[in-house]
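Asker: I have a structure here, written as structure tokens, and I will follow up with some questions on it.
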Amino acid sequence: MAKRTVQILGTGCKKCQQLETNVKEAIALLNWDAEVLHITDPLQIAERGVMKTPALIVDGQVMSQGKVATPEQLQTLLEAQPS
């Protein structure tokens, strides 16, 4: 499996930070080789078509917006993502 690119989009609020923590935990549970980036610039967030933060993008595809999923929910969501 190729290295995945996972982006957390949010201005750095508590919810955005919690999503990042949960995503990292889900990635560890899945044993993914992934680069996790946290995008905080509002212009870069808008360029990706995201209107609600926090948001999660995996390999260029928006997977979630406006909510903080648990590590377990994220694991299920990420497992459904094609490699």
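Asker: Can you tell me which residue within the stretch 30-41, out of those that are open to solvent by 80 Å² or more (accessible area, probe 1.4 Å) and modelled with pLDDT under 95, is nearest to Thr76 (Cα to Cα)?
Answerer: Asn31
Asker: Please count how many residues of the stretch 18-29 are open to solvent by less than 70 Å² (accessible area, probe 1.4 Å) and β-branched (Val, Ile, Thr).
Answerer: Adding up the residues that qualify gives 2.
Asker: Could you tell me which residue of the stretch 49-63 is farthest from Leu9 (Cα to Cα), considering only residues that are surrounded by 14 or more Cβ atoms within 10 Å (Cβ to Cβ) and in contact (Cβ under 8 Å) with a residue 40 or more places away in the chain?
Answerer: Within the stretch 49-63, the subset surrounded by 14 or more Cβ atoms within 10 Å (Cβ to Cβ) is 50, 53-59, 62-63.
When the remaining residues are screened for being in contact (Cβ under 8 Å) with a residue 40 or more places away in the chain, the result is 50, 53-59.
Values: Val50: 8, Thr53: 6, Pro54: 6, Ala55: 5, Leu56: 6, Ile57: 8, Val58: 11, Asp59: 13 Å.
Across the stretch 49-63, the extreme among qualifying residues is Asp59.
Asker: Within the stretch 7-17, does at least one residue satisfy the condition of being touching a residue at least 24 places away in the same chain (Cβ under 8 Å), in contact with a strand residue (DSSP E or B) (Cβ under 6 Å, 6 or more places away or on another chain), in a helix (DSSP H, G or I) and surrounded by 15 or more Cβ atoms within 10 Å (Cβ to Cβ)?
Answerer: Residues of the stretch 7-17 touching a residue at least 24 places away in the same chain (Cβ under 8 Å): 7-13, 15-16.
Retained after the next criterion (residues that are in contact with a strand residue (DSSP E or B) (Cβ under 6 Å, 6 or more places away or on another chain)): 7-9.
Filter once more, so that each one left must be in a helix (DSSP H, G or I): none.
No, because not a single residue in the stretch 7-17 is touching a residue at least 24 places away in the same chain (Cβ under 8 Å), in contact with a strand residue (DSSP E or B) (Cβ under 6 Å, 6 or more places away or on another chain), in a helix (DSSP H, G or I) and surrounded by 15 or more Cβ atoms within 10 Å (Cβ to Cβ).
Asker: Assuming Val68 fulfils every condition listed in (1) among the β-branched types (Val, Ile, Thr); (2) open to solvent by 50 Å² or more (accessible area, probe 1.4 Å); (3) closer than 21 Å to Lys3 by Cα apart from one, which condition is it?
Answerer: (3)
The values are calculated or read from the model by the stated rules, or taken from the named source; none is laboratory data. Note that the structure is a prediction, hence the values are computed from the model and not measured. Methodologically, a virtual Cβ is constructed for each residue, glycine included, from the backbone with ideal geometry; neighbour enumeration extends over all protein chains shown. Calculation scope for accessible area: heavy atoms of the full protein, side chains included, ligands and nucleic acids excluded. Shrake-Rupley method; radii C 1.70, N 1.55, O 1.52, S 1.80 Å.
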